[in-house]
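A.B. asks: Can you read through this structure? Questions will come right after.
Coordinate-derived values only; no laboratory data. Fair warning: this is a prediction, and the values are worked out from it, not measured in the lab. Backbone-built Cβ (ideal geometry, glycine too); neighbour counts: all protein chains shown.
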Amino acid sequence: MKVLFVVQGEGRGHLTQAITMEKLLKGNGHEVVEVLVGKSESRRLPGFFIRSMHAPIRQFTSPNFLPTHANKRANLSRSVAYNLLKLPEYFESMCYIRQRIEETGAELVINFYELLTGLTYFFLRPNVPQICIGHQYLFLHKDFKFPKANRFSLFFLNLFTKMTSLGASHRLALSFRPMDEDAERHITVVPPLLRSDVFRQESRQGDYIHGYMVNSGFSESIMKWHKIHPEMPLRFFWDHWEEEPVKKIDGTLSFYQLDDVEFLRQMAGCKAYASTAGFESICEAMYLGKPIMMVPAHIEQECNAFDAEQNGAGIIDGNFNLDNLVDFAGRFRPNREFRRWVESAEYIILNEIERFAPQNSLHQMYMVEEFV
């Protein structure tokens, strides 16, 4: 089966999921013909993704959330205004996606939460089935529990998630735990799609706190805490491409450009992990048995953090107060069931995808009206 990927390029989670999916499909006789990645002015495609993917990579202009002026949390109103001005460019990108689907001869499209894929299927109707995969589709599940949050933000998040999957044949919802299928919403709950590099790591109990920030503005909070606790080694990764690969502040605080090999190596040896609550890195830390502090940068990450907390992953904080993480690490107990769930991912996910192979395809495309 010839498969085309369309990947949201913001953060690292969807990118690492695409790397794992390509390896899974190739190892089972399928071909990934091309990978389309949404790009924006505020993000750069990480080198680890370019090095790891075997299929040709092409980029297109895609919507993204803009951070506040402090470069910490997403600014919803500013993001909406900015993206409205770029609508003509986004329509060109939709035409490009449809063109690549046709020219590559793809028999299946796997969408890693890229909005313009759903809109392409809504407006331009490619005649190829689409499967959507991501933790966000769990938010649409009838049994998912939401945190107490702004209702407008939750409505917008679910609307956005539905729009990414317009015209999809099925949704695969990555989850911290097994859940029943939601047949009415065409959602199957599947394990996290972690890279094989995670399984090869030997977890060790180090003396440093490891971290990842989507928005580099959080570095001010880290440096403020560090001045009070200079004895605690801190190693944080960020998307700050203007800086050198490693920005060494002093003997115990360093900031690293995002490199996935080094990121996982540092995680395996850390004392605890602090992040802006991206689903992928939370799962990696849970698998390696690390206590976690989650500092959500937007509503999607608030839901990630709440769900992870309910599953014993860690604690939620508002601004990287690492005192709370150090305290939590002293009483933390890893979730052993989570490791077994993750290790079943290959079988479960491959089985779901192969249901849509051309020789087995009895599916009907969704009526797009049920998504809006």
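A.B. asks: Which helices of the chain meet both criteria: a Cα extent of 15 Å or more along the helical axis and a mean Kyte-Doolittle score no lower than -0.5, with helices taken as whole DSSP H segments?
C.D. replies: Helices meeting the criterion: 13-26, 151-164.
A.B. asks: Report the dimensions of the range 134-210 along its three principal axes from the alpha-carbon atoms, largest first, rounded to Å.
C.D. replies: Result for the range 134-210: principal-axis Cα extents of 44, 30, 21 Å.
A.B. asks: Over the Cα atoms of the range 97-225, how large are the radius of gyration and the largest Cα-Cα distance (Dmax), in Å?
C.D. replies: Cα radius of gyration and Dmax of the range 97-225 are 18.5, 54 Å respectively.
A.B. asks: What are the residues whose amide H is under 5 Å from the amide H of T276, where those residues sit 5 or more places off or on another chain and H is modelled from the backbone?
C.D. replies: Y212, V214, V295
A.B. asks: Could you sort the peptides 325-336, 291-302 by per-residue average Cβ neighbour count (10 Å cutoff), highest mean leading?
C.D. replies: 291-302, 325-336
A.B. asks: How big is the equivalent ellipsoid of the range 157-259 along its three axes, where each semi-axis is √(5λ) from the Cα gyration tensor, reported in whole Å from largest to smallest?
C.D. replies: 38, 18, 13
A.B. asks: Restricting things to alpha carbons, find the Rg to Rh ratio for the range 197-342 using the Kirkwood radius for Rh.
C.D. replies: Details: Rg = 14.1 Å, Rh = 15.1 Å.
Answer for the range 197-342: 0.93.
A.B. asks: Check E114: other-chain or 5+ apart residues with amide H under 5 Å from its amide H, H built from backbone geometry?
C.D. replies: Residues meeting the criterion, in which the H sits 1.01 Å from N, are Q8.
A.B. asks: What are the extents of the Cα atoms of the chain along their three principal axes, in Å, largest first?
C.D. replies: 60, 45, 40
A.B. asks: Using per-residue counts of other Cβ atoms within 10 Å, averaged over each peptide, order 313-319, 152-158 from highest down.
C.D. replies: Highest to lowest by the protection proxy: 313-319, 152-158.
A.B. asks: Still on this model: Answer with one residue from M21, L166, N335: the one whose Cα lies farthest towards the positive end of the charge dipole of the chain, charges on Cβ with Lys, Arg +1 and Asp, Glu -1.
C.D. replies: N335
A.B. asks: Here's a follow-up. Treating only the Cβ of Lys, Arg, Asp and Glu as charged (+1, +1, -1, -1), what charge dipole size does the chain show about its Cα centre? Round to the nearest 20 debye.
C.D. replies: Details: 41 positive and 45 negative charges, 78 e Å.
About 380 debye.
A.B. asks: Using helices alone, what [θ] at 222 nm do you get for the chain, with -39,500 (n - 2.57) per DSSP H run of 4 or more residues, divided over all residues and rounded to the nearest 500?
C.D. replies: Helix contribution divided over all residues of the chain: -11500 deg cm²/dmol.
A.B. asks: What are the residues whose amide H is under 5 Å from the amide H of Q59, where those residues sit 5 or more places off or on another chain and H is modelled from the backbone?
C.D. replies: The answer is V37.
A.B. asks: Just to confirm my numbers, what's the Cα centroid distance between the range 104-148 and the range 281-327 in Å?
C.D. replies: 26 Å
A.B. asks: What ranking, highest mean first, results for peptides 222-233, 254-265 when packing means the other Cβ atoms within 10 Å averaged over each residue?
C.D. replies: Highest mean packing first, the order is 254-265, 222-233.
A.B. asks: From the P(r) of the range 85-137, can you give the percent of Cα pairs sitting at distances over 16 Å?
C.D. replies: Every Cα pair in the range 85-137 considered, those over 16 Å come to 39 percent.
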